Amino acid sequence: MGDLRTTDAARTQTSQDLGGLTVCLVGINYWPETTGIAPYTTAMAEALTDAGASVHVITGIPHYPQWKLQDERYAEGRRWEEMRDGVRITRVRHSIPETPDLVGRAKLESSFLQGALREVRRDTSDIVIAVTPSLAGLAAGALGHGRRPFGVLVQDLTGNAAGESGTTGGRASRLIASGEYALLRRADRIGVITPRFGDLLIEQGIEEQCISGLPNFTHITPVDVSAATARTRLGWTDDAFTVVHTGNMGMKQGLESVVEAARLSDTRDLGIEFVLVGDGNQRAALEEQGAGIRSLRFVPPLDGDDYPYALAAADALLLNEKPGVREMSMPSKLTSYTSSRRPIIAAVEDGGITRASCASTGPRRSSRPASPSACSRRRRTCAATRRSRRT
């Protein structure tokens, strides 16, 4: 999605005059990453700057969702200083695992913690704010803030994510969650992007008055064009009902079922094309699984100009999660999906955060996760609805 800039709506959310305040913001994901939480952390830093604060961001090197270094400027060195849109940025070297399993993630977290903690302790800002994930950013803030007020913005709960995504076993995920909650208890204030995160924190003994709701916003500007016009711009065909999934292709998304739904579309001549836009540690395996499937297309990450057109090109947008994913996170793509005014199909667990978030943002079509036939039925229903509206 490229160089996403904060929309005017996002940048006016911080209306209070913060002139004279200095803020240290620590988190591993930041611009130029364009998927996941990086656009929101970037937007927060720039909004605080617009409100008059002096912001110092301590972050990592761009690597997500590809899990590869994304800018050769950071191929050598241990520490980098930058300025962008009035924000001072300090980047520290960390490991980038080829496979983000338990061992790989542990190396990433420990290496980022070493550099980030040193920078937080050197920093002289009035307040320190950490963004989760990662645990290392949370730990750097919790251990390095000293006597300064310390806040956390919870975008994901790492311990829940480790268990539900299948990255670790139950015992390891419980240990991670225990450490995460212990660090969160050190915070003076905690912001959560969904009420369910707040409930989980309260269950762990964190005082309710310390928790505030800070829902995410859309960081894109929708384009008002027809699906046909958008597909022409992107070079996509316009002869099938097009279902688009954007963002990370990781374990949590469980996109294997989408590949099998595309195979069903081929076998039964359903006229449904599935377009997977983005990258991630499971993309190569998905491409191998989907080799030869005519109703499946892989598109690399799009820049900030083209990404809104990918949403506009869809007849339906897809939220897909692995079975068992309930409490770990809320997909960041949902805010962008909602702004596009396209139907959203949610193949997610009942009773989970994503299902509740979908219900609160308007009507959606839902199906069971990891069920290619159920997913295909939902797509056919959307296609029939589209045809009936045209007649």
Subject >> Selection count where residues are part of a loop (DSSP other than H, G, I, E, B) and exposed (fewer than 13 other Cβ atoms within 10 Å of the Cβ), scope the range 186-209 >> reply: 2
Subject >> Meets criteria (touching a helix residue (DSSP H, G or I) at 6+ places or on another chain (Cβ under 7 Å), among the β-branched types (Val, Ile, Thr) and surrounded by 15 or more Cβ atoms within 10 Å (Cβ to Cβ)) for residue 275 >> reply: no
**OP:** Determine the pairs where a residue that is assigned by TED's automatic domain parsing to the domain that holds residue 63, located within the range 101-113, has a partner that is among the basic types (Lys, Arg) with Cβ atoms under 8 Å apart, the partner being 6 or more residues away or on another chain.
**Re:** 111/93
**OP:** Quick one: residue 292 ticks every box in (1) assigned to a strand (DSSP E or B); (2) in the same structural domain as residue 321 (by TED's automatic domain parsing) except a single one, so which number is it?
**Re:** (1)
Original post:
Has the range 237-246 got at least one residue that is over 16 Å from residue 317 (Cβ atoms), buried (at least 22 other Cβ atoms within 10 Å of the Cβ), in the same structural domain as residue 297 (by TED's automatic domain parsing) and in contact (Cβ under 8 Å) with a residue 12 or more places away in the chain?
Top reply: no
**OP:** Mind listing whichever residues of the range 80-98 are assigned to a loop (DSSP other than H, G, I, E, B), touching a strand residue (DSSP E or B) at 6+ places or on another chain (Cβ under 9 Å) and crowded, with 17+ Cβ neighbours inside 10 Å?
**Re:** 93
**OP:** Spot the failing condition for residue 212; the list is (1) closer than 23 Å to residue 283 by Cβ; (2) surrounded by fewer than 16 Cβ atoms within 10 Å (Cβ to Cβ); (3) at pLDDT 95 or above, and only one is missed.
**Re:** (1)
Subject >> Sole residue being in contact (Cβ under 8 Å) with a residue 60 or more places away in the chain and assigned to a helix (DSSP H, G or I), chosen from 47, 43 >> reply: 43
**OP:** Could you look through the range 247-289, keep only residues that are acidic (Asp, Glu) and part of a helix (DSSP H, G or I), and pick out the one that is nearest to residue 237 (Cα to Cα)?
**Re:** 266
Subject >> Filter pass, residue 49 being of a type in the set (S, T, N, Q), touching a Gly at 6+ places or on another chain (Cβ under 7 Å) and either at pLDDT below 95 or farther than 24 Å from residue 283 by Cβ (or both) >> reply: yes
**OP:** Among the residues of the range 266-302, count how many are under 19 Å from residue 32 (Cα atoms) and in contact with an Asp or Glu (Cβ under 7 Å, 6 or more places away or on another chain).
**Re:** 2
Original post:
How many residues does the range 114-139 contain that are in contact (Cβ under 8 Å) with a residue 60 or more places away in the chain and over 22 Å from the mean Cα position of the chain (by Cα)?
Top reply: 8
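The values are calculated or read from the model by the stated rules, or taken from the named source; none is laboratory data. All values reported here derive from a predicted model rather than from experimental measurement. Backbone-built Cβ (ideal geometry, glycine too); neighbour counts: all protein chains shown.
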